[in-house]
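Here's the structure, in structure tokens; my notes come after.
The values are calculated or read from the model by the stated rules, or taken from the named source; none is laboratory data. Computed from a prediction, not measured in an experiment: that's the story for all the values here. Note that each Cβ is placed from the backbone with ideal geometry, even for glycine, and that neighbours are counted across all protein chains shown.
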């Protein structure tokens with residue numbers, strides 16, 4: 001039963017952390033985009049005032065940044081899950097040797 005709770009904890013970290021990381025990464029991309037280009041963030045890809053190249057560049061920058069943030073959160077959640085699992089399995093094996 002302890003393994004299941006640990007799994008839920010890691011999943012919670014993954015979901016909440018992933019959402020927070022994606023939101024933060026998106027904010028960073030927006031700030032950096034304005035600082036580097038001096039232009040507003042392209043929000044509507046169909047806007048004729050935004051060139052195709054600019055829209056593609058923003059999409060690539062956004063996807064790469066958000067994807068990297070989510071990857072880092074997933075790795076951290078996996079590490080937490082692995083650490084907790086190792087601790088609970090050593091405790092389980094110690095308990096099973098008594099019986």
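Every residue, every condition in (1) touching a strand residue (DSSP E or B) at 6+ places or on another chain (Cβ under 9 Å); (2) part of a helix (DSSP H, G or I); (3) modelled with pLDDT under 85; (4) at positive phi, yes or no:
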site: 7; (1), (2), (3), (4): no, yes, yes, no
site: 13; (1), (2), (3), (4): no, yes, yes, no
site: 30; (1), (2), (3), (4): no, yes, no, no
site: 44; (1), (2), (3), (4): no, no, no, no
site: 48; (1), (2), (3), (4): no, no, no, no
site: 80; (1), (2), (3), (4): no, yes, yes, no
site: 94; (1), (2), (3), (4): no, yes, yes, no
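Of all the listed residues (38, 53, 67), the sole one being at pLDDT 90 or above, loosely packed, with under 15 Cβ neighbours inside 10 Å and on the phi > 0 side of the Ramachandran plot is 38.
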